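Structure, as structure tokens:
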Amino acid sequence: MSALEWGKITARLSAHASSEPGRDLCAALAPGTDLDVLRASLEENRDGRRMLLQDGALPLDEVKEIREEVGKVAKGATLSPTELLRIGKTARVGERVRRFFEDRRGRYPRLAHHANGIPPLRDLAEAVEQAIDANGNVLDRASEALGPLRRQLLKIRSRLQETAEGILSSPRYARHVQETYATVRSGRVVIPFKTSAKGLFQGIVHDSSQSGQTVFFEPEELVYLNNEVKMAELEVEREVARILAELSGRVARKEEELLLALSLLARIDAIQARSLLADELSAAEPTVTDAGETNLRSALHPLLVLSGRPVVPNDLRLGRPHLCLILTGPNAGGKTVALKTLGLLTLMAMAGLSIPASPDSTVSIFHDLFVAVGDEQSVEGDLSTYSAHIRRLNEILSGADRGSLVLLDEVVSGTDPREGAAIARAFLETLADREVRVVATTHFEELKGLAFTDPRFENGSMAFDGEHLRPTYRLSLGIPGRSMGIEIARSFGFPDEVLERATRYLSGPGPNLTEVIDRLERERERVRAEATKLAEQRREAEEAARRLDAERAKMKAEESRVVSAARVKMREEIRKAEGELARVTEEMRKDRKIDTVRKASSVIRAWKEKAHAAEEDPAVRTLMSRSAPLAPGEALFPGRKVFVLSLSKEAEVAAPATAGDREVEVAAGGMKVRVPRDQVRVFPPPGRTRERRVDGGGSRPAEASPGAVHLQTPENTLDLRGMYVDDALPEVDVFLDRMSLAQAPHVFLIHGHGTGALKTAVRRHLAKSPYAKRSLPAPREQGGDGVTIVLLA
């Protein structure tokens, strides 16, 4: 992996870790082959990147490497305040991280899975914080006795200092004091006396100066107080030692919990580092398989991205039917970079890292990776470039099999070109026979032709800007490249007469292949231009479709407005008619004269004409034309859209109505009314008529009946199995909201049977949900009682 500079990736990853344990995990990161582990790691990266975007990075810098300290207390040792402080800080971070994810339940499930495993260490963290400050000093509040002992010590020291100052200012000692200050020797306060005063006073001589002129003397007045200070210091030290021993004992009792917390915090730190690296690389999570097929889209070399230089994205594919990719093109054109890009991105995906490529990329895992890149000659080992290369190829032949990836830069170089090409072809065909995946760079013309005769090989060429005589670093698959040796030499000022002579010396199949490549490049440019034109036409067609949809929406809105206006007008006319009829009826009741009857007949005839005019209203006629009379014996179920003649408006069936019912209960305009069955017209199901097909995208299809077949798709299905009720219900609301906006008629909620708690909670929640019109268990063939079908309102 060193040939692909894997160490630089892990070093950059480690730099993103906040803690020493996290950095150790990142530095030790290596590719693996367990698909479940790799896919889980990539999901963790997604969670981590979402967390960074929404909440920022977790503060994990106070997670300390505490394995040594925990090991010491396990053997009965007492830890120092600094060591206890490291443990306390780590325990406190564990508490904060677990609480962080508890407060954000369901938002980052992969990270929360690790955080939830951190054992409770709050009591230990608080005990350490109560006893030790941030600088590692044991606090007076660490115990009830420590504070009074320290205050007593301060009082004794104060008395000692006052006594020493009294001696210095005393006339008795004035002639014999060498300096006017007290000092300390052997932990005791002493007075610098002249040597000549030795033996004149009672006391203890502790030391003398190098000149011999001064002795450091403890007068008898200080002896008792020095002893008192020493005894008080010993009391304080014993109490501090007792406190540290007690805390160390608590740490020992939490040995397993501390090591587990450290492991999980280091894991979370490493995940956060992977997410930060992914953001730095603008990376994505690929699909990881073991099918031996790799398809990288818009891939970038990660180290070039990290360097800050502009990088040209390229597509790289390897696998069936093309087992071997032969990269050709000019020197310094990017062949080796493309080869290393595929190798390094494969290693990154196999290590659970996001890769700088399009998210729809696919990476296959490989059990073995063989790399032959660079000049491996060794003067000390008596190896030339060719012999070293051959020895490496021999090692590859000895170990490569179907589960291997082989990367070869300038395969079989450093010897006679014809013999080298022959060996290279035989070598590559042998690997292809074993179904080994191979990427090789070469300048051999013979290898460029392999893809035309053997479908297991595919050409890839690095493009060259012939006008400006410089590489474009753009990879084109399916076409061999030209080495452009003469053109590059000319760009460096090589003499033209030499290059013209070289051109005349070119013979054999070379010129023919060059012409073929030129033709292929011209054809590729033509196809690319046509593809660009087609893409533009497609964009224009999509824009036209969007405009058409907008016009349809506008027409529908206008139709709705007209219908609403007609309804308002009709309601007003009906109110007037009711008032007029009531007045006429009252007159008829008072006197039964013939002219009153004639007036009533006139009113009734006028309103019949108005009703006929209402039927002629364009908006009403539109709804009439889109509906049909009820078929004999046809039953109606709640939710069915109908048109009510007597109301001249669209309504919805509110209660079941059998063929024998004379009236139908409908909901219209926010109220429920019962209307005669013969006044009800029904709309055909979606897709039955041209009108419904045209307008089908504008409204949600109605449910035909409880016995209707409900189509299940991945888009209208939410799997809640394995989730807690508190996590599942918010997911249900978000899902129902999204599907309601999408105008889906129904959705499927998979909750399983289990203990029944999740199923019961979900169905109770649906009963109160504004999104759900009603819900019912799925048919047996669609999951039975373990699945709930929700008809959306």
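Enter the accessible area per residue of region 34-147 (Å², integer; probe 1.4 Å; all protein chains in place). Could you put the intermediate results ahead of the total?
On the way: 5650 Å² over 114 residues.
Spelled out: the 1.4 Å probe surface of region 34-147, per residue, equals 50 Å².
Region 721-793: which chymotrypsin sites (Phe, Trp or Tyr not before Pro) are DSSP loop and have at most 13 other beta-carbon atoms within 10 angstrom?
Passing sites in region 721-793 are Tyr724.
Pulled fully out, how much extra length does the chain show between Asp133 and Ile750, if you take 0.36 nm times their separation in residues and subtract their Cα-Cα distance?
Values: separation 617, 0.36 × 617 = 222.12 nm, distance 5.32 nm.
Extending this stretch completely gives an extra 216.8 nm.
Between Glu65 and Asn331, what length comes free when the chain is fully extended (0.36 nm per residue of separation minus the Cα-Cα distance, one decimal in nm)?
Length gained between Glu65 and Asn331: 90.9 nm.
Of the listed pairs Lys198/Lys230; Lys89/Lys254; Lys8/Lys64; Lys335/Lys533; Lys335/Lys448, which have alpha-carbon separations greater than 19 Å here? Don't skip to the end; give the middle numbers.
Numbers: Lys198/Lys230 25 Å; Lys89/Lys254 14 Å; Lys8/Lys64 25 Å; Lys335/Lys533 30 Å; Lys335/Lys448 14 Å.
Exceeds cut-off: Lys198/Lys230; Lys8/Lys64; Lys335/Lys533.
Return the FRET efficiency for the residue pair Arg402, Arg552: r is the Cβ-Cβ distance, R0 is 51 Å, and the value is rounded to the nearest 0.05.
On the way: r = 56 Å, r/R0 = 1.09.
Here the calculated transfer efficiency is 0.35.
Any idea of Ser398's accessible area? Nearest 10 Å², probe 1.4 Å.
Accessible surface of Ser398 is approximately 100 Å².
Rounded to the nearest percent, how much of the accessible area of region 188-229 (1.4 Å probe, protein heavy atoms only) is carbon and sulfur?
Taking all protein chains in place, region 188-229 shows 46 percent carbon and sulfur surface.
Mean separation of Cα pairs under 8 Å and 6+ residues apart, divided by the residue count of region 717-792: what relative contact order is that in percent? List each step's numbers first, then the result.
Working: 104 pairs, mean separation 25.6, N = 76.
The normalised contact order for region 717-792 reaches 34 percent.
State, to one decimal in nm, how far the label point of Met671 lies from the label point of Ser170, with both points 7 Å from Cα in the Cβ direction.
11.2
Take Thr760 and Ser387, extend 7 Å from each Cα along the Cα→Cβ direction, and tell me the distance between the two endpoints in nm.
Simple spin-label model gives 8.2 nm for this pair.
Over the residues of region 717-792, compute the C-alpha Rg and express it relative to 2.2 N^0.38 Å. Present the calculation step by step, with values, prior to reporting the outcome.
On the way: Rg = 11.2 Å, N = 76, 2.2 N^0.38 = 11.4 Å.
That ratio works out to 0.98.
Could you sort His113, His16, His176, His753 by accessible area so the largest value comes first, with the probe set to 1.4 Å? Provide the component values of the computation, followed by the final result.
Numbers: His113 135, His16 45, His176 25, His753 110 Å².
From most exposed to least exposed: His113, His753, His16, His176.
Within region 168-220, which trypsin sites (Lys or Arg not before Pro) sit in a loop by DSSP and count at most 15 neighbouring Cβ atoms inside 10 Å?
Taking region 168-220 and a limit of 15 other Cβ atoms within 10 Å, the loop trypsin sites (Lys or Arg not before Pro) found are Arg175, Lys198.
Full-extension gain between Asp416 and Ala245, please, as 0.36 nm times their residue separation minus the C-alpha to C-alpha distance. Before the final figure, lay out the partial values.
Values: separation 171, 0.36 × 171 = 61.56 nm, distance 7.69 nm.
So the chain would gain 53.9 nm between Asp416 and Ala245.
In nm, give the distance between the simple-model label positions of Glu536 and Gln743, each being 7 Å from the Cα along the Cα-to-Cβ direction.
3.4
What figure, in Å² to the nearest 10, do you get for the accessible area of Arg267 with a 1.4 Å probe and non-protein molecules left out?
90
The values are calculated or read from the model by the stated rules, or taken from the named source; none is laboratory data. From a predicted model like this one, the values you see are computed outputs, not experimental measurements. Every residue, glycine as well, gets a Cβ built from its backbone with ideal geometry; the counts of neighbours run over all protein chains shown. Note: areas computed on protein heavy atoms with side chains; ligands, DNA, RNA excluded. Shrake-Rupley method; radii C 1.70, N 1.55, O 1.52, S 1.80 Å.
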